[in-house]
1. What pairs can you find where one residue is in the range 150-165 and among the aromatic types (Phe, Trp, Tyr), the other is part of a helix (DSSP H, G or I) and crowded, with 18+ Cβ neighbours inside 10 Å, and their Cβ atoms are less than 7 Å apart, with a gap of 6+ or different chains?
2. Would you please name the residue that is surrounded by the most Cβ atoms within 10 Å (Cβ to Cβ), looking only at residues in the range 197-226 that are among the β-branched types (Val, Ile, Thr) and closer than 15 Å to Ile282 by Cβ?
3. When you look at Ala32, is it among the hydrophobic types (A, V, I, L, M, F, W, C), farther than 20 Å from Gly91 by Cβ, assigned by TED's automatic domain parsing to the domain that holds Val88 and over 19 Å from the mean Cα position of the chain (by Cα), yes or no?
4. Scan the range 258-279 and report the pairs whose first residue is within 25 Å of Glu211 (Cβ to Cβ) and whose second residue is of a type in the set (Ser, Thr, Tyr) and in a loop (DSSP other than H, G, I, E, B), with Cβ atoms within less than 6 Å and a gap of 6+ or a chain change.
5. Any chance you could count how many residues in the range 240-257 are part of a loop (DSSP other than H, G, I, E, B), under 13 Å from Thr307 (Cβ atoms), out of contact with any strand residue (DSSP E or B) (no Cβ under 7 Å at 6 or more places or on another chain) and touching a residue at least 40 places away in the same chain (Cβ under 8 Å)?
6. Inspect all residues belonging to the range 106-125 and state whether any of them is modelled with pLDDT under 95 and farther than 30 Å from Asp303 by Cα.
7. Might you check whether a residue that is over 27 Å from Leu102 (Cα atoms), of a type in the set (Val, Ile, Thr) and in contact with a strand residue (DSSP E or B) (Cβ under 8 Å, 6 or more places away or on another chain) occurs anywhere in the range 222-239?
8. Can you go through Cys156, Cys166 and tell me which one is at pLDDT 95 or above, closer than 22 Å to Glu82 by Cα and either surrounded by fewer than 19 Cβ atoms within 10 Å (Cβ to Cβ) or of a type outside the set (Phe, Trp, Tyr) (or both)?
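The values are calculated or read from the model by the stated rules, or taken from the named source; none is laboratory data. Computed from a predicted structure; not experimentally measured. When we count neighbours, we look across all protein chains shown, and the Cβ atoms used for this are built from the backbone with ideal geometry, even at glycine.
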Amino acid sequence: MPKPKLAVYWAASCGGCDIAILDIEAKILDVADFFDLVLWPCAADFKYKDVEALPDKSITLTLFNGAIRSDENLHIARMLREKSVVMVAFGSCASDGCIPGLANLYSLDEIMDYSYKSAPSMESGTKTMPQPKTQVEEGELTIPTLWNTVRTLAQCVDVDYYIPGCPPQSDQIAAVIGAVIDILKNNKPLPPKGTVLGATEKSCCDECPRERNVKKIREFHRPYEIIPDPNICLLEQGIVCCGPATRGGCGAKCVTANMACRGCYGVPPGVRDQGAKMVSAIASVVDSTDPEEIEEIMKGIADPVGTFYRFTLADSFLRRTQK
């Protein structure tokens, strides 16, 4: 029998998800033995035309990481959706927009002007802007056209499953891939469509070993400003920790290392908007009922949007809809 086909692709992402797959160590040999790898640009030289030539639904599983922010991203997402039986939004960028989604705070023109005209790293007087098409002696060169709005994978194509994390934890990846191999080997039923894999049904706070006493605070601190008690809830020490608004499954690795949860595993079950949930959590610990005093306390939170929506802005209530 032919091996099931596997595709791994990155769109607007940093490459961390690809590294996380390699971090499953010796289990990567099980993947190579069980699957026929037909696309993984990060790991080997594959050609789009070879994948485009495959019959529809001939790829058993696609792990798609990265947000959609260019016409090339969309083309490959649509192509892999047609070719794949199962499409997985792999990692925070594909699931929620992640760091690339913060570009939605600005217009494409603002981003391009800063990057190519006024950035401190640019040589004074440089005004060269990238062009989608350039004619050279050998023919026409093209580069992808960036969108004004960064979108999640599910905002562009139909998605079957989600694996959250920035990147997903390697032990969770190994467990999911092992489960997939078991399902395919033994003809077991797939989980319900839309299932979040490699995570729990609880919040990061439920995994956190720190003690919570519902302590009220009157001041917020940046992580470098204090040395927090390793046994007490970071939020109750005045450090913004996104654990209350973040799905569990990472093993609370950041908070056990005395660093606040950043929110990379996305929203817990029953929560639609991560930022709104964090505002509620913050409100529950602020020790004041005076509006002016509350406003002064909240000034201690640097970059609320970038903190509360660091990983989920593109899929939040604040998301942009225009291309």
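1. These pairs meet every condition: Tyr162/Ser95.
2. Filtering the range 197-226 for residues that are among the β-branched types (Val, Ile, Thr) and closer than 15 Å to Ile282 by Cβ, the one surrounded by the most Cβ atoms within 10 Å (Cβ to Cβ) comes out as Ile217.
3. Yes.
4. Between residues of the range 258-279 that are within 25 Å of Glu211 (Cβ to Cβ) and residues that are of a type in the set (Ser, Thr, Tyr) and in a loop (DSSP other than H, G, I, E, B), the close pairs are Cys261/Thr246; Gly263/Thr246; Tyr265/Thr246; Gln274/Thr312.
5. Residues meeting the conditions: 2.
6. yes
7. Checked against the condition, which is being over 27 Å from Leu102 (Cα atoms), of a type in the set (Val, Ile, Thr) and in contact with a strand residue (DSSP E or B) (Cβ under 8 Å, 6 or more places away or on another chain), the range 222-239 yields at least one hit.
8. Cys156
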